[in-house]
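Undergrad: A single structure is presented below for examination.
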Protein chains: 2
Amino acid sequence: MRVLGVDPGLTRCGVGVVEGTTGRPLTLVHVQVLRTPAEDDIGARLLALADGLDAAVAAHRPDVVVVERVFAQHNVRTVTGTAQAAGLAMVAATRLGIPVHLHTPSEVKAAITGSGSADKAQITAMVTRILRLDCAPKPADAADALALAICHIWRGAALARLNDAAVRAKAGVRTAPTRSAPIGVRR
Amino acid sequence: MRVLGVDPGLTRCGVGVVEGTTGRPLTLVHVQVLRTPAEDDIGARLLALADGLDAAVAAHRPDVVVVERVFAQHNVRTVTGTAQAAGLAMVAATRLGIPVHLHTPSEVKAAITGSGSADKAQITAMVTRILRLDCAPKPADAADALALAICHIWRGAALARLNDAAVRAKAGVRTAPTRSAPIGVRR
């Protein structure tokens, strides 16, 4: 499974592509940060971001695009730009027929570090370790985009197992302990 | 001058095109409300909206696109969708090389009704009168999009006169009373 994660932002928008399946080492395919200068017109900034996101999705043809869910409560000052960047990422994916999923920041933190309140340094350290990188992805937006993609691969597998179990339970089949690998990094 | 106004929204997005110049009767060119069903996937909704806005801008080729400025403070529950719709409208315009302007709701209300705290009924009534329509544009999103376009034509003319006066004053030219028509509806 190839997943493209987007940490949405107008000034810096992280894009990270990860390939793999749960229980096996994941691979970094691509990481970049799209930037638009704060002094440019808002229309020009949004168009540059739309073009960059379209190009990234077209170039990497992921199976799914995962975008961080934007909460209006947090960061009231920047929520508009963040929401707009997230919207453009969802349009880029849907235009190419690629499904979109949203994960909350705490879902991502919990999946990657085991704690829903992990800080940026912890996220970056775990992403570096999980993808076996020689150096940490920078800035934080790059690491966050990769974290989203990793989270989706791991959570997706977990949710698929839960769904399977529910379907079997409904069908009256006795649920046997699953033999698939545990979720998480093997240490 | 032909102005396309956008009252951004994910469930209902108003689009109104008005043509004219200050001091002369303005003309309604087009009005529509783009709708996306709340039960659809967010990606599908945003793409439908992007396509609808692209089509409206391409069909009417306005001189300027005016979008209501989104405030994160108001309406926290819906601000994300509103911001995303506004972003898509700005991308649609910029992609075709059309300048984008933002006006706040109170600027629009003040320009149209004389009061920055006018209610929706007052806005609709004034838009109907200004454009000499046989019946009121509905829903409110349609009237709001037309109000934005009207506001821009009137404010644009006023700002242009202020700019001219400032330039003349700076150049040491005595500012003569302007002979252009007053801003507003003639009654």
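The values are calculated or read from the model by the stated rules, or taken from the named source; none is laboratory data. Everything numeric here is computed off the predicted structure, so don't read it as measured data. Every residue, glycine as well, gets a Cβ built from its backbone with ideal geometry; the counts of neighbours run over all protein chains shown.
Undergrad: Could you please let me know if A:ALA110 is more than 10 Å from chain B (Cβ to nearest Cβ) and surrounded by fewer than 20 Cβ atoms within 10 Å (Cβ to Cβ)?
TA: Numbers: more than 10 Å from chain B (Cβ to nearest Cβ): yes; surrounded by fewer than 20 Cβ atoms within 10 Å (Cβ to Cβ): yes.
So A:ALA110 fits the description; yes.
Undergrad: Further question: Just checking, which of A:LEU102, A:LEU10 is surrounded by fewer than 24 Cβ atoms within 10 Å (Cβ to Cβ), touching a Lys or Arg at 6+ places or on another chain (Cβ under 7 Å), of a type in the set (A, V, I, L, M) and within 8 Å of another protein chain (Cβ to nearest Cβ)? Outline the logic, then answer.
TA: Values: A:LEU10 fails: within 8 Å of another protein chain (Cβ to nearest Cβ).
Testing whether each residue is surrounded by fewer than 24 Cβ atoms within 10 Å (Cβ to Cβ), touching a Lys or Arg at 6+ places or on another chain (Cβ under 7 Å), of a type in the set (A, V, I, L, M) and within 8 Å of another protein chain (Cβ to nearest Cβ) leaves just A:LEU102.
Undergrad: Give the number of residues within region A:113-131 that are buried (at least 20 other Cβ atoms within 10 Å of the Cβ) and of a type in the set (S, T, N, Q).
TA: Number of matching residues: 1.
Undergrad: Mind telling me which of the residues A:ARG174, A:ARG161 ends up being over 18 Å from the mean Cα position of the chain (by Cα) and either modelled with pLDDT of 90 or more or part of a helix (DSSP H, G or I) (or both)? Break it down into steps so the answer makes sense when it comes.
TA: On the way: A:ARG174 fails: either modelled with pLDDT of 90 or more or part of a helix (DSSP H, G or I) (or both).
Answer to the selection: A:ARG161.
Undergrad: Is it the case that region A:133-151 has a residue that's within 14 Å of another protein chain (Cβ to nearest Cβ) and of a type in the set (Gly, Ala, Ser)? It would help to see each step written out before you state the result.
TA: Filtering region A:133-151 down to residues within 14 Å of another protein chain (Cβ to nearest Cβ) leaves none.
No: zero hits.
Undergrad: Only one of these is in contact with a strand residue (DSSP E or B) (Cβ under 7 Å, 6 or more places away or on another chain) and at pLDDT 95 or above: B:ILE130, B:ILE98. Name it.
TA: Details: B:ILE130 fails: in contact with a strand residue (DSSP E or B) (Cβ under 7 Å, 6 or more places away or on another chain).
Unique residue meeting the criteria: B:ILE98.
Undergrad: Still on this structure: Quick test of your reading of the structure: B:TRP154 fulfils all but one of (1) surrounded by 12 or more Cβ atoms within 10 Å (Cβ to Cβ); (2) under 23 Å from B:ARG12 (Cα atoms). Name the failing condition by number.
TA: (2)
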